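The values are calculated or read from the model by the stated rules, or taken from the named source; none is laboratory data. Quick caveat, the model's predicted, so the values are computed rather than measured. Cβ coordinates were reconstructed from backbone atoms using ideal geometry, including for glycine residues, and neighbour counts include every protein chain displayed.
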Amino acid sequence: MRTVGNLLWLLLSGIEMAIAYLFAALLAVVFIVTIPLAVPAVRLAGFTLWPFGRVVVRRQSAGAGAAIANVVWFIVAGWWLALLHVIFGLLLALTIIGIPFTVVHLKLAGLALTPYGKDVVEARFAHQHDVVIEPPARPGTPG
């Protein structure tokens with residue numbers, strides 16, 4: 001089912017959004033100072049081409065550097081890429097078959113706004129990522 005969803009996604013809006021991310025990467029390289037922004041743009045272009053079967057997880061080790069990079073990314077490319085996702089999502093919401101793809105576009109719009117500090121992993125390996133989940137406190141112990 002993932003393959004069918006990904007193929008429909010490619011036909012309906014995946015290729016266009018991947019091209020937009022690659023354009024953002026090219027723009028980042030042209031401005032030279034923003035070359036580090038090309039890395040998440042290319043990574044997100046790949047994710048946008050084949051989103052089903054993969055998930056986004058938060059990198060626990062992300063810190064202030066990721067926050068600063070997200071601000072720069074938002075100014076240079078994030079807002080217009082997120083806007084494109086919202087536009088495609090609204091267009092796809094006009095049809096019944098497009099509603100699941102609308103949900104994906106809205107999730108990708110959030111990722112397009114702040115990609116630093118997040119990783120794209122296969123869904124089956126998401127539990128192995130370095131996200132720290134604290135075990136519940138035992139009864140009778142503080143915390």
Residue under evaluation Ala126, criteria (1) in contact with a helix residue (DSSP H, G or I) (Cβ under 9 Å, 6 or more places away or on another chain); (2) among the small types (Gly, Ala, Ser); (3) at pLDDT below 85, criterion not met: (1)
Single unsatisfied condition, Ala64 versus (1) hydrophobic (A, V, I, L, M, F, W, C); (2) over 29 Å from Met1 (Cα atoms); (3) touching a strand residue (DSSP E or B) at 6+ places or on another chain (Cβ under 8 Å): (3)
Selection status of Leu12, over 22 Å from Ala93 (Cα atoms) and either touching a His at 6+ places or on another chain (Cβ under 7 Å) or surrounded by fewer than 20 Cβ atoms within 10 Å (Cβ to Cβ) (or both): no
Boolean, Arg59 is within 15 Å of the chain's Cα centre (by Cα) and basic (Lys, Arg): yes
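Take Gly53 and tell me if it is of a type in the set (Gly, Ala, Ser), on the phi > 0 side of the Ramachandran plot and surrounded by fewer than 19 Cβ atoms within 10 Å (Cβ to Cβ).
When the stated conditions are applied, Gly53 passes them.
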Some residue of the stretch 14-23 being more than 17 Å from Thr114 (Cβ to Cβ) and of a type in the set (D, E, K, R): yes
Single condition Val131 does not satisfy, out of (1) of a type in the set (A, V, I, L, M); (2) at pLDDT below 90; (3) loosely packed, with under 14 Cβ neighbours inside 10 Å; (4) closer than 18 Å to Gly5 by Cα: (4)
Residue in the stretch 102-112 that is in contact with an Asp or Glu (Cβ under 6 Å, 6 or more places away or on another chain), of a type outside the set (Phe, Trp, Tyr) and on the phi < 0 side of the Ramachandran plot present: no
Single residue of the stretch 56-98 satisfying the filter (in contact with an Asp or Glu (Cβ under 6 Å, 6 or more places away or on another chain) and surrounded by fewer than 16 Cβ atoms within 10 Å (Cβ to Cβ)) that is nearest to Leu37 (Cα to Cα): Arg59
Close pairs from the stretch 115-130: first within 19 Å of Ala82 (Cβ to Cβ), partner among the aromatic types (Phe, Trp, Tyr) and at pLDDT 80 or above, Cβ under 8 Å, at least 6 apart: Pro115/Trp73; Tyr116/Trp73; Val120/Phe47
Criterion: among the aliphatic types (A, V, I, L, M), modelled with pLDDT of 95 or more and assigned to a helix (DSSP H, G or I) - qualifying residue of Ile75, Ile68, Ile87: Ile87
So Ile96, is it modelled with pLDDT of 90 or more, in a helix (DSSP H, G or I) and either touching a Phe, Trp or Tyr at 6+ places or on another chain (Cβ under 9 Å) or at negative phi (or both): no
Residue tally, condition under 16 Å from Gly110 (Cα atoms) and in contact with a Leu (Cβ under 9 Å, 6 or more places away or on another chain), over the stretch 39-80: 16
